[in-house]
Amino acid sequence: MLILSRSEANFAITGRSRSGILTAMEPVYDVVWPKSPQGGRRRRAAARVRSLEGARIGFVWDYMFRGDELFPVLERELRARFTDLEVVGYDTFGNVHGPHEHALVEALPGTLDEHSIDAVVVGNGC
């Protein structure tokens, strides 16, 4: 059986002496602030679509997490609420996470215009 005094027990548990000074047991780390400087300029957000009635919605997906299950359910529910809604599927826009993701994402504004998309639902998985 090991018997320690209160100060020895405190030292063993916390690595601090009675005075609270860190001991040699306690590692010392350099501190780095995790917040980086702002990398881009702020942009004004696009105006919201007033209504989805008669709107043309694009689905964009990164083919990562269950979008093949989510998007059909979402489409069904949107169509039940907005009878004139038109949906352009994610297959139209390609895999925005694959080997061509940079080119696809860079071209996305033009592709959305080309398909006359009013609003987009983007699904990014983990």
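If you go through the range 68-126 and keep only what is farther than 25 Å from Glu53 by Cα, at pLDDT 90 or above and of a type in the set (Asp, Glu), you end up with just Glu106.
Taking the criterion of being surrounded by fewer than 19 Cβ atoms within 10 Å (Cβ to Cβ) and closer than 14 Å to Ile117 by Cα, the residues of the range 88-102 that qualify are Val88, Gly89, Thr92.
Filter the range 112-126 down to residues that are hydrophobic (A, V, I, L, M, F, W, C) and in a strand (DSSP E or B) and give me whichever is surrounded by the most Cβ atoms within 10 Å (Cβ to Cβ).
Val121
Looking across the range 65-111, just one residue is of a type in the set (Phe, Trp, Tyr), in contact with a strand residue (DSSP E or B) (Cβ under 7 Å, 6 or more places away or on another chain) and not in a helix (DSSP H, G or I), and that is Phe93. Only residues that are on the phi > 0 side of the Ramachandran plot and over 21 Å from the mean Cα position of the chain (by Cα): list them for the range 53-110, please. Correct list: Gly54 only. Any residue at all in the range 41-59 that's closer than 22 Å to Glu101 by Cβ, hydrophobic (A, V, I, L, M, F, W, C) and touching a Leu at 6+ places or on another chain (Cβ under 7 Å)? The answer is yes; a qualifying residue exists.
Determine if the range 22-42 includes at least one residue that is within 21 Å of Asp113 (Cβ to Cβ), at pLDDT 80 or above and part of a loop (DSSP other than H, G, I, E, B). No, the range 22-42 has no match at all. Answer with yes or no whether Leu74 is surrounded by 15 or more Cβ atoms within 10 Å (Cβ to Cβ) and farther than 24 Å from Glu101 by Cβ. No: the conditions fail for Leu74.
The values are calculated or read from the model by the stated rules, or taken from the named source; none is laboratory data. In this text the structure is predicted, and so the values were computed from the model without any measurement. Methodologically, a virtual Cβ is constructed for each residue, glycine included, from the backbone with ideal geometry; neighbour enumeration extends over all protein chains shown.
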